[in-house]
Structures are given as structure tokens and as C-alpha cells.
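So the structure is just underneath, and the comments pick up after that.
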Amino acid sequence: MKATIITIGDEILIGQIVDTNSVSIARKLNNAGITIVEKVSIGDTREEIITTVERAMSRSEVVIITGGLGPTKDDITKHTLASMFNSELCYNETEGEHVRSLLARRGIAFTDLNRGQAMLPKCCTVLHNAHGTAPGMWFDTERGGVVIALPGVPFEMEHLMEDEVVPRLKSRFKLKSIVHLTLITRGIPESILAERIAAWEDALPRYMHLAYLPAPNVVRLRLSAYDVDEEVARAEMSAEFERLHAIIGDNIVGMEGATLEERVHEMLVARGLKLAVAESCTGGVIASKFTAIPGASAYFMAGIVAYSNEAKHDILGVSNESLARYGAVSEQVAMEMAEGARRTTGADYAIATTGIAGPTGGSAEKPVGTVWMAVATPTKIFAIMRNSGTDRGQITSRASAYAIELLYNELKTTEL
């Protein structure tokens with residue numbers, strides 16, 4: 001079963017908003033056993049809508065559209081679809097009363113413009129939108145497929161997908177399962193990882209497909225299977241990933257959703273240890289990763305963003321001599337920052353970062369992307385330097401991942 005997702009709106013094309021709808025819809029369809037063959041964003045024009053929907057109908061049994069269902073003149077999706085399906089717009093009493101009631105609760109008058117929300121193509125099945133004024137619409141096509149139009153407001157679209165669309169699709173079509181299982185690895189580049197597991201990959205059952213999904217200091221290995229018995233496929237995929245432990249066991253973080261910060265979180269909680277973070281170039285990113293995990297208050301003491309030399313000295317106790325002699329971006333300053341954070345907060349462990357995030361400030365000796373990161377423990381302090389790229393966002397992301405891995409490795413070597 002194939003699907004095409006179409007998002008409509010000039011605001012998407014000009015980059016004014018980010019299209020999150022297609023991501024959410026794709027995930028829900030995939031979980032239901034429907035394969036997405038295309039996602040496309042188009043502008044608010046009749047010609048684009050007609051051309052794109054007709055092309056989608058020719059290659060997909062399911063076409064889902066979001067956007068353009070509002071009450072204003074630039075919202076033309078409903079009118080265009082009515083024309084495509086040779087249908088007239090008729091007032092739907094049930095939806096009209098819903099719109100009237102919803103607006104009344106918000107203190108908004110029920111005008112002719114709002115009344116238009118209940119003008120719907122006579123040939124469609126109305127999908128009631130309990131959370132907004134724009135109903136969804138379900139059209140049956142001559143080819144035996146369906147075209148579904150949903151509002152562009154994300155939370156309204158998601159409720160309709162969950163409550164109306166997916167159940168109807170499961171009832172209408174005989175869907176087979178699609179199974180994805182993802183393993184998270186760390187500390188090994190994609191190319192080296194591929195070489196190391198080549199024999200394992202070559203021996204995979206033919207129905208399993210492996211994809212490499214790299215991110216800063218992490219590579220996701222995703223196994224996928226289509227049109228399968230879900231329970232059997234999931235068990236066999238899990239068994240295949242178990243075999244990887246003998247090959248790259250030290251580099252495995254866990255299954256999909258697992259992160260290094262979560263592994264650090266678990267170790268600190270289990271051992272009753274405390275953590276503090278001192279950040280310069282990463283600007284609080286590391287602290288935010290830990291505090292985003294429920295239960296972080298059990299061990300996370302403080303996150304200090306000491307961006308200036310004065311803050312490094314006054315708050316963390318970095319010596320002026322080290323700053324003058326070695327510079328803020330140095331092994332010595334990184335270690336003093338880490339120890340200062342540990343000492344100041346009373347934590348058992350502390351992470352520190354200091355670097356050049358760019359785009360300016362680099363030199364031949366210390367180019368943009370140079371980041372020193374340090375870990376202070378109850379018995380020692382150590383630091384490493386990593387060149388984390390050339391783009392400011394990339395540098396911050398990579399340096400944060402490197403620093404957390406540094407602490408993770410230390411905790412692993414001292415595991416009880």
C-alpha cells in the first residue's frame with residue numbers, strides 16, 4: 001500500500017514555517033503498514049493542487065493533503081477538490097453548529113466567513129474536527145484509492161489522523177505490517193562501522209534492509225522489513241542486532257531513542273553521584289540535554305555558562321595566569337573550568353567545554369571548530385581536544401556529544 005503526502009502553503013515554500021505535518025503523517029502511516037513514496041510541498045494555487053493531486057493519485061492508493069482549509073480567500077484547497085471530484089459545496093448542519101458553538105466559547109461572532117467552514121463537497125465523507133473549525137474530507141477515487149484533506153494546524157491534523165484517518169484506512173484496506181528497528185552506536189565513524197560489520201550485513205535475511213543514519217558522534221543502524229508478520233520480523237531483527245554485540249559491543253548505546261546522556265543519567269542515579277557542567281562555546285546545550293531527562297534532579301547540581309574570561313575566573317576560579325598564558329581555549333583552562341564547577345557545586349563529576357564556535361575568532365594555531373573539553377572526577381582531571389567542524393551549529397552539537405561521551409567512557413571504566 002503506497003501513499004503520497006502533500007502539504008499546501010506558500011509559507012512552507014518560503015521557509016516561514018517548518019513543515020512538521022508531513023513528518024507526523026508519515027510516521028502514523030508507516031506504523032499502520034503504509035509505505036510513503038513521496039512527500040511534496042506546493043503553493044496555494046489551483047493549478048498546482050490539481051496537477052500534484054492527479055499525479056499522486058496515479059501512483060498511490062492513499063493521498064493525504066494538509067493546508068488550505070481555512071475560511072479566508074487564500075484557502076482554496078476545499079474548492080479545488082470539489083471541482084476535481086465534480087461536486088458542489090453544500091452546507092453541513094452538524095459542522096455548522098459545531099463551528100458556531102466553538103466560536104461562541106471563544107467569544108467570536110459566527111459570520112458568513114466562518115459559516116463557510118461548514119460548506120463542504122457533497123461527495124465527500126466529512127471527518128469531524130473536534131478541535132477546530134475546519135473539518136477533514138475523505139474522497140473515494142475511481143481507481144479505488146482515497147484522497148484525504150486535513151487542516152494544516154498540526155494538533156488538529158494529528159487528532160484527525162489518530163481518531164478518523166488511520167482507523168478508516170485500516171478498515172478500508174488490507175494492510176500488511178512495516179517494521180523498523182533501530183540500534184544506536186557511538187564513537188565509531190560510519191565508514192569504519194560499515195567495514196567492521198560488513199560480514200554481518202551480508203548475512204542478513206534478504207527481506208531485511210539496513211540503513212546507516214549518521215549524527216554527531218552517533219550512527220543509527222536501522223533494519224526495515226515490509227509486508228511481513230510483525231511479531232516474527234521484530235523477533236528476528238532483535239536477534240540480528242544481538243549478534244552485533246560480539247562485534248561492536250563497546251560502541252552500542254541501545255535501541256532507538258537511547259542516548260549517551262540517558263546512559264550517563266542511569267549510571268549516576270545508580271551510583272548516587274552528582275554532576276555539574278561548565279560550558280563556554282556550547283552555551284548550555286550539555287546542561288539542557290541532561291535536564292530534559294525526567295529525574296535529572298536526582299544528580300544534576302548546576303549548569304554554568306561561563307562565556308567570558310571574567311566569568312571563568314570569578315565563578316569557576318580559572319586562574320588569570322592560565323588565561324593569559326594559554327588562552328581561554330586550552331587544555332589548562334578546560335581542566336580548571338571542570339574542577340571549578342565540581343568544587344563550586346560539590347558535585348562528584350563535572351564536564352567543561354571551551355572552544356571557538358566561529359564564524360570568527362579562529363587562528364592558524366586554533367582554527368574555528370577547536371574545542372577543548374574536560375572531565376573532573378573525585379580523583380583526577382583530564383581533557384581532550386576535538387576539531388568539531390566549521391559551522392557554528394555543527395560545532396556546538398558535535399562538541400556537546402564529544403563531551404558527554406568523554407564522561408560516559410570514564411564512568412564505564414569505573415563501573416562498579
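Of note:
- The C-beta contact set for segment 394-413 (first residue in the same structural domain as Glu279 (by TED's automatic domain parsing) and within 16 Å of Val305 (Cα to Cα), second residue among the hydroxyl-bearing types (Ser, Thr, Tyr) and modelled with pLDDT under 95, distance under 7 angstrom, 6+ apart or interchain) comprises Ala399/Ser388.
- On inspection, Ala26 passes the criterion of being of a type in the set (A, V, I, L, M, F, W, C) and modelled with pLDDT of 95 or more.
- Filtering segment 52-78 to residues that are loosely packed, with under 15 Cβ neighbours inside 10 Å and either out of contact with any Gly (no Cβ under 9 Å at 6 or more places or on another chain) or outside the structural domain of Met137 (by TED's automatic domain parsing) (or both) leaves Glu54, Ser58, Arg59, Thr72, Lys73.
- Single residue of Ala311, Ala306, Ala324 found to be in the same structural domain as Met373 (by TED's automatic domain parsing) and either under 17 Å from Val375 (Cβ atoms) or touching a Lys or Arg at 6+ places or on another chain (Cβ under 6 Å) (or both): Ala306
- Test: residue in segment 358-373 that is closer than 20 Å to Val269 by Cβ and of a type in the set (A, V, I, L, M): no
- Residue within segment 370-385 that is aliphatic (A, V, I, L, M), under 28 Å from Tyr299 (Cβ atoms) and out of contact with any strand residue (DSSP E or B) (no Cβ under 9 Å at 6 or more places or on another chain) present: no
- Pairs where the first residue, in segment 44-68, is within 21 Å of Ile14 (Cα to Cα) and the second is at pLDDT below 95 and of a type in the set (D, E, K, R), C-beta under 7 Å, 6+ apart: Asp44/Asp10; Asp44/Asp74; Gly68/Asp44; Gly68/Asp75
- When the criteria are applied in full, Ile248 meets the requirement of being surrounded by 15 or more Cβ atoms within 10 Å (Cβ to Cβ), on the phi < 0 side of the Ramachandran plot and of a type in the set (Val, Ile, Thr).
- For Gln332, the conditions (1) in contact (Cβ under 8 Å) with a residue 24 or more places away in the chain; (2) within 17 Å of Asn309 (Cα to Cα) are fulfilled apart from (1).
- Taking strands (runs of 3 or more DSSP E) as the structural unit, those lying wholly within segment 217-293 and holding at least 3 residues that are charged (D, E, K, R) correspond to 218-228.
- Unique match (being of a type outside the set (S, T, N, Q), surrounded by 17 or more Cβ atoms within 10 Å (Cβ to Cβ), modelled with pLDDT of 95 or more and in a strand (DSSP E or B)) among Ile49, Ile36: Ile36
- Members of segment 228-245 that are among the β-branched types (Val, Ile, Thr) and surrounded by 13 or more Cβ atoms within 10 Å (Cβ to Cβ): Val228
Conditions (1) free of Cβ contacts under 8 Å to residues at least 40 places away in the same chain; (2) within 30 Å of Thr360 (Cα to Cα); (3) not acidic (Asp, Glu), marked per residue:
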{"residue": "Lys274", "(1), (2), (3)": "no, no, yes"}
{"residue": "Thr282", "(1), (2), (3)": "no, yes, yes"}
{"residue": "Ala298", "(1), (2), (3)": "yes, no, yes"}
{"residue": "Met301", "(1), (2), (3)": "no, no, yes"}
{"residue": "Ile304", "(1), (2), (3)": "no, yes, yes"}
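- Checklist (1) within 30 Å of Ala376 (Cα to Cα); (2) under 26 Å from the mean Cα position of the chain (by Cα) applied to Ala276, failing item: (2)
- Residues satisfying the stated conditions in segment 1-21, i.e. within 11 Å of Gly67 (Cα to Cα) and either β-branched (Val, Ile, Thr) or touching a strand residue (DSSP E or B) at 6+ places or on another chain (Cβ under 6 Å) (or both): Ile6, Thr7, Ile8, Ile12, Asp19, Asn21
The values are calculated or read from the model by the stated rules, or taken from the named source; none is laboratory data. Model, not experiment: these values are computed from the prediction. FYI the Cβ positions are ideal-geometry reconstructions off the backbone, even for glycines, and counts take in every protein chain you see.
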